[in-house]
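Heads up: the structure comes next, in structure tokens.
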């Protein structure tokens, strides 16, 4: 290897490591904080590597068993955050809502995108422009109207209200994204299916959809992540644990001056796990779908 090539190779890898540490550093630190006692987090200088790894914080979240570090009496007594135990039901709410939004996006956006990419019909261009521009509206501009609509439907403090609003926000993006993706699939494949005896619906279901799995996976992943992490409408429309989401609970914990930072770290770690699973299972499809859509 030539000297110049070796230096470029070395520089690229060093910069890659720096960027990786910059991106993953906060997540690694949060994870390490979740494995320490509350008092260990305030040591100066900080323990970059925990001297004593404990699972008491996780045990408290799942079982309610108070860690020994929080049973210390006196002025240096560690703080316990009872509200942190609510993270599990709110995580379940967020996951359920996000899965429903993802399914609605696939069910509505894929046929709409197919129609926009394949057919000509009256009002196609204005409708397509409306779909794109409607996603550009800031959430605060429509929060109050949405609140009164949900209130009039008696859906306040329900998961259904969040499913509907998140779908309204994500389906336009998924439709636009999949329209671009379907447009890249050769029409000859569809014509061959029609010649073989398929009707347009069968050609769409049995030929185009399997070919569009990378694009569908990318759209599904984006819809899931948006719904799972959405905060404003979740705060505005939910009141009790039956519908409150993870993002609202973590924000409430973070704003509490008496919060236990160790337990807050556990909540953040648990909240990240579903996103890591989605990213792991969809990583190849999402990369391929984004590459085809953006660079073709």
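The values are calculated or read from the model by the stated rules, or taken from the named source; none is laboratory data. Just so we're clear, the structure is a prediction, and the values are computed from it rather than from any experiment. Every residue, glycine among them, receives a Cβ derived from its backbone with ideal geometry; neighbour counts consider all protein chains shown.
Let's see how each residue does on (1) at pLDDT 85 or above; (2) over 22 Å from the mean Cα position of the chain (by Cα); (3) under 18 Å from residue 136 (Cα atoms); (4) not assigned by TED's automatic domain parsing to the domain that holds residue 115:
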| residue | (1), (2), (3), (4) |
| --- | --- |
| 161 | yes, no, no, no |
| 168 | yes, no, yes, no |
| 177 | yes, no, yes, no |
| 181 | yes, no, no, no |
| 184 | no, yes, no, no |
* Asked: What do you reckon, is residue 162 assigned to a helix (DSSP H, G or I), within 12 Å of residue 109 (Cα to Cα) and in contact with a helix residue (DSSP H, G or I) (Cβ under 6 Å, 6 or more places away or on another chain)?
  -> no
* Residue by residue through the stretch 174-192, note down the ones that are surrounded by fewer than 16 Cβ atoms within 10 Å (Cβ to Cβ) and in a helix (DSSP H, G or I). => 183, 184, 187, 188, 189, 191, 192
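Here is a list: 103, 107, 115. Which entry is in the same structural domain as residue 179 (by TED's automatic domain parsing), at pLDDT below 90, within 26 Å of residue 169 (Cβ to Cβ) and surrounded by fewer than 19 Cβ atoms within 10 Å (Cβ to Cβ)? Quick ask: steps written out before the conclusion?
On the way: 103 fails: at pLDDT below 90; 107 fails: at pLDDT below 90.
So the residue among 103, 107, 115 that is in the same structural domain as residue 179 (by TED's automatic domain parsing), at pLDDT below 90, within 26 Å of residue 169 (Cβ to Cβ) and surrounded by fewer than 19 Cβ atoms within 10 Å (Cβ to Cβ) is 115.
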* **Checking residue 135 against (1) more than 30 Å from residue 182 (Cβ to Cβ); (2) at pLDDT below 90; (3) surrounded by 12 or more Cβ atoms within 10 Å (Cβ to Cβ), the condition it does not meet** => (1)
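One line per residue, one yes/no per condition, for (1) in contact (Cβ under 8 Å) with a residue 40 or more places away in the chain; (2) within 17 Å of the chain's Cα centre (by Cα):
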{"position": "199", "(1), (2)": "no, no"}
{"position": "204", "(1), (2)": "yes, no"}
{"position": "223", "(1), (2)": "yes, yes"}
{"position": "230", "(1), (2)": "yes, yes"}
{"position": "238", "(1), (2)": "yes, no"}
{"position": "245", "(1), (2)": "yes, yes"}
{"position": "251", "(1), (2)": "no, yes"}
